[in-house]
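Beneath this line is the structure, given in structure tokens, with notes to follow.
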Amino acid sequence: VQLQASGGGLVQAGGSLRLSCVVSGSISDINAMAWYHQAPGNLRELVAFITSSGNTNYKDSVKGRFTISRDNAKNTVHLQMNSLKPEDTGVYYCAAGRVLGNFEYWGQGTLVTVSS
């Protein structure tokens, strides 16, 4: 299973970005997909995940601002990020797993920079 993330960039506070993650390979047994955020100097944190049945969950600080979705026909997961804040700056990684909570496959990360 390979994951390719894209969509990062530089945006002003209050702006929006849409991240995408294309999944390829043996994906038939992939259940959950997720996005993680690693701010400079910090550990990687789970931002949101979505299961094969469409259930979603978000980190408290992004609720109401970020939306995770998946396009099964295109094997793609998106993270729509609105009302961005400087603290959202960092590298965003997409991840996939056969079991929720065990994300064993990772993409290369895409950098998001939010200027104040």
**Report entry** Residue that is nearest to GLY41 (Cα to Cα) [pool: residues in region 82-116 that are of a type in the set (Phe, Trp, Tyr) and assigned to a strand (DSSP E or B)]
**Finding:** TYR92
Report summary line: By residue number, the members of region 6-27 that are part of a strand (DSSP E or B), among the hydrophobic types (A, V, I, L, M, F, W, C) and out of contact with any helix residue (DSSP H, G or I) (no Cβ under 8 Å at 6 or more places or on another chain) are LEU10, VAL11, LEU17, LEU19, CYS21, VAL23
Query raised in the report: Do you know which of the residues in region 45-54 that are at pLDDT 95 or above and out of contact with any Leu (no Cβ under 9 Å at 6 or more places or on another chain) is most open to solvent (accessible area, probe 1.4 Å)?
Result: GLU45
**Report entry** Selection within region 12-23 - β-branched (Val, Ile, Thr) and surrounded by fewer than 18 Cβ atoms within 10 Å (Cβ to Cβ)
**Finding:** VAL22
Report task. Please work out if TYR105 is open to solvent by 50 Å² or more (accessible area, probe 1.4 Å), in contact with a strand residue (DSSP E or B) (Cβ under 6 Å, 6 or more places away or on another chain) and over 18 Å from GLN12 (Cα atoms). Result -> yes
Query raised in the report: From SER115, SER28, which residue is among the small types (Gly, Ala, Ser) and closer than 17 Å to LEU3 by Cα?
Result: SER28
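Each row is one residue, and each column tells you yes or no for (1) modelled with pLDDT under 95; (2) open to solvent by 60 Å² or more (accessible area, probe 1.4 Å); (3) hydrophobic (A, V, I, L, M, F, W, C).
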{"residue": "GLY25", "(1), (2), (3)": "yes, no, no"}
{"residue": "ASP29", "(1), (2), (3)": "yes, yes, no"}
{"residue": "LEU43", "(1), (2), (3)": "no, yes, yes"}
{"residue": "LYS59", "(1), (2), (3)": "no, yes, no"}
{"residue": "LYS85", "(1), (2), (3)": "no, yes, no"}
Requested in this report: Quick one: count up the residues across region 65-83 that are among the hydrophobic types (A, V, I, L, M, F, W, C) and open to solvent by 70 Å² or more (accessible area, probe 1.4 Å).
Outcome: 1
Query - Candidates ILE50, ILE68 - the one that is in contact (Cβ under 8 Å) with a residue 24 or more places away in the chain and touching a Phe, Trp or Tyr at 6+ places or on another chain (Cβ under 7 Å) - result: ILE68
Requested in this report: Working only within region 41-67, note down all residues that are part of a strand (DSSP E or B) and not aliphatic (A, V, I, L, M).
Outcome: ARG44, GLU45, PHE49, THR56, ASN57, TYR58, PHE66, THR67
Report task. Test ILE30 against the criterion of being in a loop (DSSP other than H, G, I, E, B) and either more than 15 Å from GLY9 (Cα to Cα) or among the aliphatic types (A, V, I, L, M) (or both), and give yes or no. Result -> yes
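The values are calculated or read from the model by the stated rules, or taken from the named source; none is laboratory data. These numbers come from a predicted model, not from an experiment. When we count neighbours, we look across all protein chains shown, and the Cβ atoms used for this are built from the backbone with ideal geometry, even at glycine. The accessibility values were calculated without ligands, DNA or RNA, using every heavy atom of the protein model including side chains. Shrake-Rupley method; radii C 1.70, N 1.55, O 1.52, S 1.80 Å.
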